[in-house]
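S.K.: I have a structure I would like to understand better, so I am pasting it below and will then ask my questions one at a time.
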Amino acid sequence: QVQLVESGGGLVQPGGSLRLSCAASGSGFSLKHMGWYRQAPGKQRELVAIIISGGVTNYVDSVKGRFTISRDNAKNTLYLQMNSLKPEDTAVYYCKVATYVMDYWGQGTQVTVSS
C-alpha cells in the first residue's frame with residue numbers, strides 16, 4: 001500500500017513559479033515510474049511529466065523547457081518545479097506512483113495562474 005501526500009499548489013501570477021511536492025509512504029512496493037498529471041475544468045486528465053527508472057524524464061510538449069520533474073529517493077518524494085507559468089497551466093495537479101501491482105494517486109493540489 002502506498003500513500004501520497006501532495007503540497008505546493010496555490011495562486012501565482014503569470015510568469016511566476018511554483019514547486020509541487022508529493023511525499024510517498026508505505027513499504028513493500030516496487031516502483032515502475034512516477035509522474036505528474038493535471039486536469040483543468042471541463043478537460044480530461046493529462047500527463048504532464050514522468051520519471052522512470054534511471055532518472056529518464058519525459059514531458060508534454062506544452063511544458064517542455066518550463067517544468068522540471070525530479071525525485072529524491074532518500075525522502076521518497078517527487079517534485080515538479082514549474083517556471084514561467086501561464087494561465088493555461090491552471091488545473092488540479094495529481095501525482096501518480098505506478099508499481100508492478102497497481103497505480104496510486106495523490107489527492108490533488110490546485111494550481112491557479114492568474115493576474
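Every read-out reported here was derived from the displayed coordinates using simple, explicitly stated rules and does not represent laboratory data. Computed from a predicted structure; not experimentally measured. No Cβ is skipped: glycine too gets one built from the backbone with ideal geometry, and neighbour counts run over all protein chains shown.
S.K.: Run through region 32-115 and list the trypsin sites (Lys or Arg not before Pro) located in a DSSP loop whose Cβ has at most 11 other Cβ atoms within 10 Å. Intermediate results must be reported in sequence, preceding the final value.
M.R.: Values: sites: Lys32, Arg38, Lys43, Arg45, Lys64, Arg66, Arg71, Lys75, Lys96; in loops: Lys43, Arg45, Lys64, Arg66, Lys75.
Sparse-neighbourhood loop trypsin sites (Lys or Arg not before Pro): Lys43, Lys64, Lys75.
S.K.: I would also like to ask the following. Rounding to the nearest 20 debye, state how big the charge dipole of the chain is about its Cα centre with +1 on each Lys and Arg Cβ and -1 on each Asp and Glu Cβ.
M.R.: Numbers: 11 positive and 7 negative charges, 16 e Å.
Dipole size: approximately 80 debye.
S.K.: In whole angstrom, how far apart do the alpha carbon centroids of region 34-48 and region 90-115 sit?
M.R.: Spelled out, the Cα-based centre of one part sits 7 Å from the other.
S.K.: Which whole-number percentage describes the relative contact order of the chain, with Cα contacts under 8 Å and a sequence gap of 6 or more?
M.R.: On the way: 277 pairs, mean separation 42.4, N = 115.
Worked out over the chain, it gives 37 percent.
S.K.: Separate question: Restricting to lysine pairs 8 or more places apart or on different chains, what number in the chain have Cα atoms under 26 Å apart?
M.R.: Value for the chain: 11.
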